[in-house]
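A short write-up of the structure that comes next.
The values are calculated or read from the model by the stated rules, or taken from the named source; none is laboratory data. Everything numeric in this text was worked out from a predicted model, so none of it was measured. Positions of Cβ are backbone-derived with ideal geometry, glycine not excepted, and every protein chain shown enters the neighbour counts.
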Amino acid sequence: MTDTLQVSNDSPSHKSSSKQLQFGVVQFPGSNSDQDCIHAVETMGHRAGYLWHKETQLGNLDAILVPGGFSYGDYLRAGAIARLSPVMKAVADFAENGGLVLGICNGFQILCEAGLLPGALIRNRSLQFRSEFVHLRVVHDQSPFTSQTPEGTLLRVPIAHGEGCYFADQETLQEMKANRQILWQYATADGALEDHANPNGSVEHIAGICSKHGNVAGLMPHPERACQSLIGSQDGQRLFSGIVDHLTQSS
């Protein structure tokens, strides 16, 4: 695993943290948001490095990011081949031991395919690839990934996917609601859950979820592409800030 990129000149609130955290960013053939994830971490003053898909040892990491892209060309089904990569066994073990894992876009698809998250991501109802900014409503803040965004907070972040329609059967959905596993929903700029604000037709307007134990999460939108006002929004940084706060407070 090698470090990459330089720390940004931005001055995020967590640069003064006494502990410098180490993030691992999984890199598959076809990943295209891995550098964005590393940049998002390093702008907060922490370290990040690549985890190649053939790796079986992760080293001493505080959290793992599974980035977006088109792993293995999305052949068969998005994430279906990537879940069989050697690194995913190590990621599963890391999660089983309580480690924080976040999957973004294709990373969300991979985590669902690997059984680390419930449900599945299928073709957008429109059968169109959607690339645009959307609004997310935070369902609750009792999660490491949402602790910096109180319930009802609206985040403006971009999407870029063709298979982002989240689906789970009613029994699974009821269990997820009981366990507070739904973290983000697509909403209007006013926070309403309207069909026209749901870009892919996801059931219950679900944009992102977490595991039953709360340490594994996935979402289709790209928070790592919304960490600087220069590119349209800084709202995504609040998600990474939640991860950092959780890790620094629990250490």
> Does the range 78-87 hold any residues that are among the aliphatic types (A, V, I, L, M), touching a strand residue (DSSP E or B) at 6+ places or on another chain (Cβ under 9 Å) and free of Cβ contacts under 8 Å to residues at least 60 places away in the same chain, and which are they?
Replying inline: Ala82
> For Ala90, are the conditions met, namely being in a loop (DSSP other than H, G, I, E, B), in contact (Cβ under 8 Å) with a residue 12 or more places away in the chain and either under 16 Å from Gly24 (Cα atoms) or touching a strand residue (DSSP E or B) at 6+ places or on another chain (Cβ under 9 Å) (or both)?
Replying inline: no
> When Ala192 is evaluated against the numbered criteria (1) surrounded by fewer than 16 Cβ atoms within 10 Å (Cβ to Cβ); (2) touching a residue at least 12 places away in the same chain (Cβ under 8 Å); (3) assigned to a loop (DSSP other than H, G, I, E, B), which criterion, by number, is the only one it fails?
Replying inline: (2)
>> Yes or no: the range 35-53 includes at least one residue that is assigned to a helix (DSSP H, G or I), in contact (Cβ under 8 Å) with a residue 40 or more places away in the chain, in contact with a Cys (Cβ under 7 Å, 6 or more places away or on another chain) and at negative phi.
In response: yes
> In the range 210-251, which residues are buried (at least 24 other Cβ atoms within 10 Å of the Cβ) and among the hydrophobic types (A, V, I, L, M, F, W, C)?
Replying inline: Cys210, Val216, Ala217, Leu219, Met220, Ala226, Cys227, Leu239, Phe240, Ile243, Val244
> Taking the range 176-189, which residues are touching a His at 6+ places or on another chain (Cβ under 8 Å), surrounded by fewer than 19 Cβ atoms within 10 Å (Cβ to Cβ) and either assigned to a helix (DSSP H, G or I) or hydroxyl-bearing (Ser, Thr, Tyr) (or both)?
Replying inline: Thr188
>> If I filter the range 244-251 for residues that are part of a helix (DSSP H, G or I), of a type in the set (Gly, Ala, Ser) and at pLDDT below 95, do I get at least one hit?
In response: yes
>> Restricting to the range 145-165, name every residue that is in contact with a helix residue (DSSP H, G or I) (Cβ under 6 Å, 6 or more places away or on another chain), part of a strand (DSSP E or B) and of a type outside the set (A, V, I, L, M, F, W, C).
In response: Pro158
> Regarding Leu116, is this residue crowded, with 17+ Cβ neighbours inside 10 Å, at pLDDT 95 or above, within 15 Å of the chain's Cα centre (by Cα) and farther than 17 Å from Asn200 by Cβ?
Replying inline: yes
> Just one of the numbered conditions (1) assigned to a strand (DSSP E or B); (2) touching a helix residue (DSSP H, G or I) at 6+ places or on another chain (Cβ under 7 Å); (3) not charged (D, E, K, R) is not true of Pro118; which one?
Replying inline: (1)
>> Looking at the range 193-244 only, could you name the residues that are closer than 13 Å to Leu136 by Cβ, among the aliphatic types (A, V, I, L, M) and over 14 Å from the mean Cα position of the chain (by Cα)?
In response: Leu193, Ala197
>> Restricting to the range 120-153, name every residue that is in contact (Cβ under 8 Å) with a residue 40 or more places away in the chain and among the hydrophobic types (A, V, I, L, M, F, W, C).
In response: Ala120, Leu121, Ile122, Phe133, Val134, Leu136, Val138, Val139, Phe145
> Which one is nearest to His246 (Cα to Cα) among residues in the range 54-74 that are over 18 Å from the mean Cα position of the chain (by Cα) and either assigned to a loop (DSSP other than H, G, I, E, B) or modelled with pLDDT of 95 or more (or both)?
Replying inline: Asn60
>> Given the criterion closer than 15 Å to Glu224 by Cα and of a type in the set (Gly, Ala, Ser), identify the matching residue among Gly68, Gly30, Gly79, Gly59.
In response: Gly68
> Which residue pairs have Cβ atoms closer than 9 Å, lie 6 or more positions apart in sequence or on different chains, and pair a first residue in the range 96-114 that is within 19 Å of Val244 (Cβ to Cβ) with a second residue that is hydroxyl-bearing (Ser, Thr, Tyr) and assigned to a helix (DSSP H, G or I)?
Replying inline: Gly107/Ser71
